[in-house]
Structures are given as structure tokens and as C-alpha cells.
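Comments concern the structure below.
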Amino acid sequence: MAALGKKAFGFRATDRRWESPLGRFVDFYGADELASRMEVHKTAVYHWVSGTAAPRPDKAVAIRRIARSTGFAISLDDIYQHFLEDGAETRRSFRQSQPARVSLRSDQKQSPPNREEKHGAT
């Protein structure tokens, strides 16, 4: 039996990130194929589509070049707007789901125990 991907179950059809120019291109071209061609891990491609990360400028130019060679009109603005608009909400919800970080002010920093306290008085 052939393996069924996300598309078979309709997950991508309901996820608006795949409706952006970048998402449509990656969906058409294939995340695995694009990752292989660009010499990055496929998770990097999914992070670009989800908006949790943006490709480095050289990778964005490569995406545009590859897309144009397949007939897709995609601009650098399309690639980075996707990150700025779609990713902002994703990054915000991720930060809100993380436990609060506790940091000490510089006047509250704990100093390491001195030797006598650590090993007892001699």
C-alpha cells in the first residue's frame, strides 16, 4: 500500500499557509525536492512555509530562480512577506505557549558559594 501524505488527508487544503505564493510553489515542486536541490534539510523548507523562519537571502534568490524555471512567478517580496505576515502569528503563539522565563536582575544574581560554604569549614 502506498504511503499517504498530508495532502491525501486534506491537511494542506485547510492550512492557509499553503495558499501563499511560496506555499503553492513548495506544494507543487515538493519540499523534499526543493530541499535536495538547495542542499538544506526538508524541515528548513517547512519552516519557511510555516513562517517560523525565513530563508537566507542566497536561498531566497535560489527559490525564486527555481520557481521561475518551472513557470511560477514568485518574487523575493512574496517569500519574505510570507515570513513577516504568516510567521508573525505563528511565532507569537509559540512564544505564548512557552513557560515564562525567569531572569534575575544584575543586583539579584546569585554568586557561587564560596569554598568554605561548599566544603565546610576546615
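The values are calculated or read from the model by the stated rules, or taken from the named source; none is laboratory data. Note that the coordinates shown come from a computational prediction; the quantities given were computed from them, not determined experimentally. Quick reminder, even Gly has a Cβ in these numbers, built from the backbone with ideal geometry, and neighbours come from all protein chains shown.
Residues that are modelled with pLDDT under 90 number at least 1 in the following helices (runs of 4 or more DSSP H) confined to region 13-54: 21-29, 42-50.
Residues that are among the hydrophobic types (A, V, I, L, M, F, W, C), in contact with a helix residue (DSSP H, G or I) (Cβ under 7 Å, 6 or more places away or on another chain), in a loop (DSSP other than H, G, I, E, B) and modelled with pLDDT of 60 or more: does region 78-95 have at least one? Taking every residue of region 78-95 in turn, none turns out to be among the hydrophobic types (A, V, I, L, M, F, W, C), in contact with a helix residue (DSSP H, G or I) (Cβ under 7 Å, 6 or more places away or on another chain), in a loop (DSSP other than H, G, I, E, B) and modelled with pLDDT of 60 or more. Considering region 16-41 alone, what residues qualify as being free of Cβ contacts under 8 Å to residues at least 40 places away in the same chain and touching a His at 6+ places or on another chain (Cβ under 9 Å)? Ala35 - this is the single residue of region 16-41 that is free of Cβ contacts under 8 Å to residues at least 40 places away in the same chain and touching a His at 6+ places or on another chain (Cβ under 9 Å). Once region 23-61 is narrowed to residues that are acidic (Asp, Glu) and more than 14 Å from Ile74 (Cα to Cα), the residue that is surrounded by the most Cβ atoms within 10 Å (Cβ to Cβ) is Glu33.
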